[in-house]
Amino acid sequence: MNDDCIFCKIIKKDLPAKIVFEDKEFIVFCDKNPIAKLHLLLVTRTHIESLQNISNNDSEWLGRMISIIPKLAIDNGCKDGFRIVSNAGINSGQEVPHLHFHILGGRDLHRKML
């Protein structure tokens, strides 16, 4: 955990968030400033800064992380499709240096890029 990280504070329940799923490895909550009808954040409980900081040794837990996304999207109303986004590093637009995936849906995202 990183005491300065907003996501770590949410994980520790030091900051409020609308949590929709959690297990021993991940937590999922609604984005405070959504850009789509559905905008969830899937976050690792372990503080990892971004996809730039993972290696081949991380493939097992990263696979588990990716595998829960379809059910999260469907259970939260995105039966017609969804988009996942993960920014990696400051030049990508990553605002919180903690590995996370944005799960977006609930509207036509076909021609809209983030």
*Applying the selection to the range 7-27, what residues are basic (Lys, Arg) and either outside any loop (DSSP other than H, G, I, E, B) or touching a His at 6+ places or on another chain (Cβ under 6 Å) (or both)?*
LYS9
_Out of ASN91, ASN76, ASN57, I need the residue that is more than 12 Å from the chain's Cα centre (by Cα) and closer than 16 Å to GLU25 by Cβ. Which one?_
ASN57
*Find all pairs meeting these conditions: Cβ atoms under 8 angstrom apart; at least six residues apart or on different chains; first residue within the range 63-75 and touching a residue at least 24 places away in the same chain (Cβ under 8 Å); second residue surrounded by 13 or more Cβ atoms within 10 Å (Cβ to Cβ) and of a type in the set (Gly, Ala, Ser).*
ALA73/GLY105
*Based on what the data block shows, is ALA88 farther than 25 Å from LYS12 by Cα, out of contact with any Asp or Glu (no Cβ under 8 Å at 6 or more places or on another chain) and touching a residue at least 24 places away in the same chain (Cβ under 8 Å)?*
no
*Could you pull out the residue among LYS37, LYS32, LYS71, LYS79 that is of a type in the set (Lys, Arg) and within 26 Å of MET1 (Cα to Cα)?*
LYS32
*Exactly one of (1) closer than 21 Å to GLN94 by Cβ; (2) polar (S, T, N, Q); (3) surrounded by fewer than 17 Cβ atoms within 10 Å (Cβ to Cβ); (4) modelled with pLDDT of 95 or more is unmet by SER67. Its number?*
(1)
*Could you identify the single residue in GLY77, GLY93 that is at pLDDT below 95, touching a Leu at 6+ places or on another chain (Cβ under 9 Å) and over 15 Å from GLY106 (Cα atoms)?*
GLY93
*Filtering the range 29-58 down to residues that are in contact (Cβ under 8 Å) with a residue 60 or more places away in the chain and closer than 19 Å to ASN87 by Cβ, which residue is surrounded by the fewest Cβ atoms within 10 Å (Cβ to Cβ)?*
ILE35
_Yes or no: the range 30-41 includes at least one residue that is touching a Leu at 6+ places or on another chain (Cβ under 7 Å) and of a type in the set (Gly, Ala, Ser)._
yes
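The values are calculated or read from the model by the stated rules, or taken from the named source; none is laboratory data. Small disclaimer: the values here were computed from a predicted structure and weren't measured. In this analysis, Cβ positions are derived from the backbone assuming ideal geometry, glycine residues included, and neighbour counts consider all displayed protein chains.
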